[in-house]
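What follows is a single structure, written as structure tokens, with notes after it.
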Amino acid sequence: MNQLFSIFDLIVIAGMIQGIVYAVLLLLSPVKSRVKSLTIVLLLVMVLLSFKILLHTLGLWQQPLFRYFPLAIDTLFQPLIYLYALSLTKDFHQKKGSQLIHFIIPGLFMLHGLLVYFLTVGHNDPAQKEILAEGWGYNRVKWAEDVLALLSAIFYWVLSFRHVQQYRKWLFENQSDTHYPELTWIRNLLIGSGIFVITLTVASLQSNIIQTGSSGFVYTQLFYVYLSFLIYFFAINGRNQVLSSQWTTNREESIPIKETAATLLETTGQNIPFDDIREAIITCFEEKQLHLDPDLSLKQLAAAAGYPIAQVSATINRHFDQNFRNLVNSYRVAEVKKRLSDSTYQHLTLLGIALDCGFNSEASFYRIFRKFDGASPKTYQRSSKQ
């Protein structure tokens with residue numbers, strides 16, 4: 001075993017410690033949800049993936065106990081990410097009877113890894129271990145696992161990204177309730193991971209084709225450094241998603257993402273009275289002040305306006321040049337500004353005013369206010385007083 005840790009080893013170990021710490025913190029939290037369970041499993045799987053490279057860089061692979069150590073989980077991380085995306089949007093439980101199919105391939109690879117390990121663990125001679133392992137096609141199976149890991153990464157990336165995008169489209173067009181997570185962080189994570197993996201794969205293939213020395217291991221190191229960053233990023237955002245979102249723990253209804261999208265498409269080719277609907281929508285906000293309802297949905301707005309949901313949605317997109325969620329939040333932010341300048345509301349705290357104006361959490365209020373105004377609510381409050 002190597003006596004000194006390289007900088008690369010320290011980065012990987014730091015990422016592993018981060019993953020273990022956050023997994024334990026989540027395990028000790030009182031929250032009970034699928035999101036929590038999948039977050040813990042994902043963190044531990046990433047920790048085990050990181051340990052695979054340390055087996056080689058720390059020389060553990062040369063030790064009889066660790067040679068052929070069963071960590072055939074390269075194809076496990078990808079379906080877990082997809083199921084995690086489903087659980088964030090409450091679509092996980094709709095197909096729970098068919099979820100096991102995603103783990104058949106990882107399970108077969110793991111069974112083979114366990115078989116090889118237990119057949120070789122009692123032998124100290126590396127040559128004899130290798131003969132026994134090759135008798136069960138260890139390298140051929142490992143090659144197949146690497147290929148399937150890459151293919152499944154592409155397959156599940158497409159599924160995950162598509163589902164997150166469908167959910168965000170549904171959310172911005174139908175819900176103003178700020179308890180619903182916008183999942184911007186996981187969308188950005190998927191985009192960044194996709195770009196990184198494609199770039200790394202292309203560079204690695206070019207290196208292997210033209211055979212430029214030992215640069216192949218450099219690409220391997222880059223991947224595991226990125227994995228350490230991924231553990232940190234996922235630990236922070238995943239834990240916040242579990243612990244700070246009341247929607248995650250209290251709401252179990254499924255979200256009809258695809259059905260809603262199909263309904264909105266029904267407006268194609270219809271003769272819609274856009275001007276009349278626009279005036280009805282303005283009346284709902286400026287006179288009836290529907291935006292003060294923190295649970296306001298597109299369905300409720302359409303009922304108050306007296307027009308079909310699809311037509312109201314099409315009018316918002318065309319004549320307000322924004323989606324439903326942003327339109328409602330723009331009225332809420334405007335109402336907060338109005339009340340901050342009104343002495344009638346001086347007895348209320350900033351959060352109290354925000355809650356009265358339709359926001360249902362401090363974090364979402366600060367984020368949305370800054371999005372529309374460019375400054376924080378406290379900065380605006382100080383400037384309005386001056």
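Rolling a 1.4 Å probe over the heavy atoms of the protein chains gives the chain an accessible area of 52 Å² per residue.
Rounded to two decimals, the Cα-based Rg/Rh of the stretch 336-386, with Kirkwood Rh, is 0.93.
Cross-link list Lys169/Lys288; Lys288/Lys337; Lys90/Lys337; Lys32/Lys371; Lys32/Lys378; Lys36/Lys288: which exceed 28 angstrom alpha carbon to alpha carbon?
Values: Lys169/Lys288 26 Å; Lys288/Lys337 18 Å; Lys90/Lys337 34 Å; Lys32/Lys371 32 Å; Lys32/Lys378 35 Å; Lys36/Lys288 40 Å.
Distance filter (> 28 Å) returns Lys90/Lys337; Lys32/Lys371; Lys32/Lys378; Lys36/Lys288.
Within the stretch 268-386, the percentage of alpha carbon pairs spaced more than 23 angstrom apart rounds to 34%.
Nonpolar atom fraction for the chain, defined as the carbon and sulfur part of the 1.4 Å probe accessible area, stands at 61 percent. At a temperature of 10 °C and a viscosity of 1.306 mPa s, determine how fast the stretch 1-46 diffuses translationally according to Stokes-Einstein, using the Kirkwood radius over alpha-carbon pairs as Rh; express D in µm²/s, rounded to the nearest whole number. Translational D for this selection: 134 µm²/s.
Anything in the chain that counts as a DSSP H helix reaching 30 Å or more along its axis (C-alpha) with Kyte-Doolittle mean of at least -0.5? List them, would you? Sorted by number, the helices that extend far enough and score high enough are 7-28, 34-57, 138-174, 184-210, 215-244. Evaluated over the Cα positions of the stretch 1-134, the convex hull gives a direction-averaged projected area, one quarter of its surface, of 9.9 nm².
Rg to Rh ratio, the chain, alpha-carbon atoms and Kirkwood radius?
Ratio value, two decimals: 1.08.
Measuring with a 1.4 angstrom probe and ignoring ligands and nucleic acids, Phe320 comes out at about 40 Å² accessible. Of the candidates Gly19, Gly113, Gly122, which one comes out as most mobile in a Gaussian network treatment of the chain with C-alpha springs shorter than 10 Å? Looking only at Gly19, Gly113, Gly122, the biggest GNM fluctuation is shown by Gly122.
Average projection, convex hull of the Cα set of the stretch 114-173: 5.7 square nanometres. The Rg/Rh ratio for the stretch 48-127 is 1.13, where Rg is the radius of gyration of the alpha carbons and Rh is the Kirkwood radius. A Gaussian network model of the chain, with springs between Cα atoms under 10 Å, assigns the largest mean-square fluctuation among Tyr232, Tyr22, Tyr219 to Tyr219. When the chain is treated as a GNM with alpha-carbon contacts under 10 Å, the residue of Thr120, Thr220, Thr349 showing the greatest mean-square fluctuation is Thr349. Given only helices, namely DSSP H runs of n ≥ 4 each adding -39500 (n - 2.57), what is the per-residue ellipticity at 222 nm of the chain, to the nearest 500 deg cm²/dmol? After summing the helix terms and dividing by residue count, I get -23000 deg cm²/dmol. Spin-label model, Arg318/Ser37: points 7 Å from Cα along the beta carbon direction are separated by 4.7 nm.
The values are calculated or read from the model by the stated rules, or taken from the named source; none is laboratory data. The structure displayed is predicted, hence computed values, not measured ones. Cβ atoms come from the backbone with ideal geometry, glycine included; neighbour counts cover every protein chain shown. Note: areas computed on protein heavy atoms with side chains; ligands, DNA, RNA excluded. Shrake-Rupley method; radii C 1.70, N 1.55, O 1.52, S 1.80 Å.
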